[in-house]
Amino acid sequence: MCSNLVKEIIRLKKEKNAVILAHSYQRLEIQKIADFVGDSLELSVMASKTDADVIIFCGVDFMAETAAILNPEKTVLIPVEAKCPMASQLNAEMVDKAKENGLPFVAYVNTYAEVKAEADICCTSANVVRVVKSLNSDEVLLGPDRNLAWFAEWKTKKRVIPVPEGGHCYVHVQFDRSDVIRAKAKGVPIIVHPECNPEVQLLSDYIGSTSQMVEFVRKHGSAVIGTEIGLIERLKAEGYRVDPLKCVICREMKMNTLRDVLRALREERNVVEVPSDVARKAKRAIERMMEISRGGRS
Ligand code: 13P
Ligand code: SF4
């Protein structure tokens, strides 16, 4: 790691009372300088708890947007405006159309503010089961990830209708049956993210959000992991015996570099802003989710 760059980031962070939040898919050098590394739910919680004046959000844009919605009085900066391709698969108009049948709509946190503003509640991969169970309806709409909707339907026994029908994460759908069957020979648990295809989830030993997978590995010591490579690199660096189910990379998550973090701190550039009327409505759906997940994570 370039030590001068890191020293300067640490100095500026202090000077500006800034905090660095990073998702587990970020480059390892960014995870190492972050004040907090976590999954979407944990990062949202951290963003709402921090007393820093500036939040440097190392992740993709919808995550930084969530932090800005929860902290209208703080400056939220995104070093590089990296767009999650799955979040772009759903807009407010599509949600309004789907809601014409009167069913509640659950917005996966991997959505933009305009979609969250139309939602009854948000969810993350860590709390989707709890959120869907909490709704007073046996049929719900959930988007944009069709695989997360499938997972929620499987675990809750409610009907969970994906909006749109084919929403997906291009990173996680790269895993297939044969990857899991091959990995079984290693004799260690296979753990995957709920954005993976159903046949992959069904053959695996455990399904969870990125942080739930971290918890699993800390408890069991080893695993073959079906998610973005950044999480596996982090666990390897911590000394765990982990292997990727297959090496898959989220290009957007890898766009941030240490230089970008430094530039963001220095120039206070790429301020994340959400129109106040949209932010107010989106915040309601996020807070409703946080309320539900306070009692536990699944
Ligand atoms: P987590 O909430 O599990 O960290 O997932 C976020 C994500 O973008 C997965 O692709
Ligand atoms: Fe979006 Fe998939 Fe990348 Fe997560 S891994 S940020 S869902 S493209």
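Read-outs: derived from the displayed coordinates by stated rules, not from any lab. These figures come from a predicted structure and were not determined experimentally. Cβ: placed from backbone, ideal geometry, glycine included. Neighbour counts: every protein chain shown.
Kindly work out what percent of the DSSP beta bridges joining two residues of the chain are antiparallel, to the nearest 5.
5
Just report the Cα centroid separation between the range 99-169 and the range 24-78, whole Å.
23
Using the Cα centre as the reference, give the magnitude of the dipole from point charges on the C-beta atoms of the range 134-195 (Lys, Arg: +1; Asp, Glu: -1; all else neutral), rounded to the nearest 20 debye.
Here the range 134-195 has a charge dipole of around 340 debye.
Can you find, among 286, 94, 21, the residue sitting farthest towards the positive end of the charge dipole of the chain, where Lys and Arg contribute +1 and Asp and Glu -1 at Cβ?
21
Using the Cα gyration tensor of the range 192-277, with a ≥ b ≥ c the square roots of its eigenvalues, what is the shape: rounded (a/c below 1.5), prolate (a/b larger than b/c) or oblate (neither)?
Prolate is the answer for the range 192-277, as a/c is 1.5 or above and a/b outweighs b/c.
Taking 2.2 N^0.38 Å as the expected size of a compact globular protein, what ratio does the Cα radius of gyration of the range 1-150 give against it, to two decimals?
1.15
Let me spell out the model: positive unit charges on the Cβ of Lys and Arg, negative unit charges on the Cβ of Asp and Glu, origin at the Cα centre of the chain. What dipole size does that give, in debye rounded to 20?
Dipole about the Cα centre, nearest 20: 900 debye.
Per residue, how big is the convex hull around the C-alpha atoms of the range 19-65? Give it to me in cubic angstrom, could you?
So the per-residue Cα hull volume is 63 Å³.
Across 10 Å bins from 0, what is the distribution of all Cα-Cα pair distances for the range 157-239, in whole percents?
17, 48, 27, 7, 0
Three principal axis extents, largest first, for the C-alpha atoms of the range 146-298, in Å?
On the principal axes, the range 146-298 reaches 52, 43, 31 Å in Cα extent.
Just subtract the alpha-carbon distance of residue 51 and residue 271 from 0.36 nm times their residue separation and send over the number in nm, one decimal.
77.4 nm
When a/c reaches 1.5 or more, the comparison of a/b and b/c decides; with that in mind, is the range 86-147 rounded, prolate or oblate per its Cα gyration tensor?
oblate
Ratio of Rg to Rh for the chain, alpha carbon only, Kirkwood?
Rg/Rh for the chain comes to 0.96.
Using all C-alpha to C-alpha distances in the range 106-218, build P(r) with 10 Å bins and read off the rounded percent in each one.
The distribution over the range 106-218 is 15, 45, 30, 9, 1, given as percents.
Among 197, 187, 167, which residue has its Cα positioned farthest towards the positive end of the charge dipole of the range 138-211, with +1 placed on the Cβ of Lys and Arg, -1 on the Cβ of Asp and Glu, and the dipole taken about the Cα centre?
187
Which value does Rg/Rh take for the range 31-97 over its C-alpha atoms, Rh per Kirkwood?
Radius of gyration relative to Kirkwood radius: 1.01.
Given the DSSP H assignment, sum -39500 (n - 2.57) over each helix run of at least 4 residues in the chain and divide by its residue total; what's the result at 222 nm in deg cm²/dmol, nearest 500?
It comes out at -12500 deg cm²/dmol, rounded to the nearest 500.
Let me have the relative contact order for the chain, percent, based on Cα pairs under 8 Å that are six or more residues apart.
Relative contact order of the chain: 23 percent.
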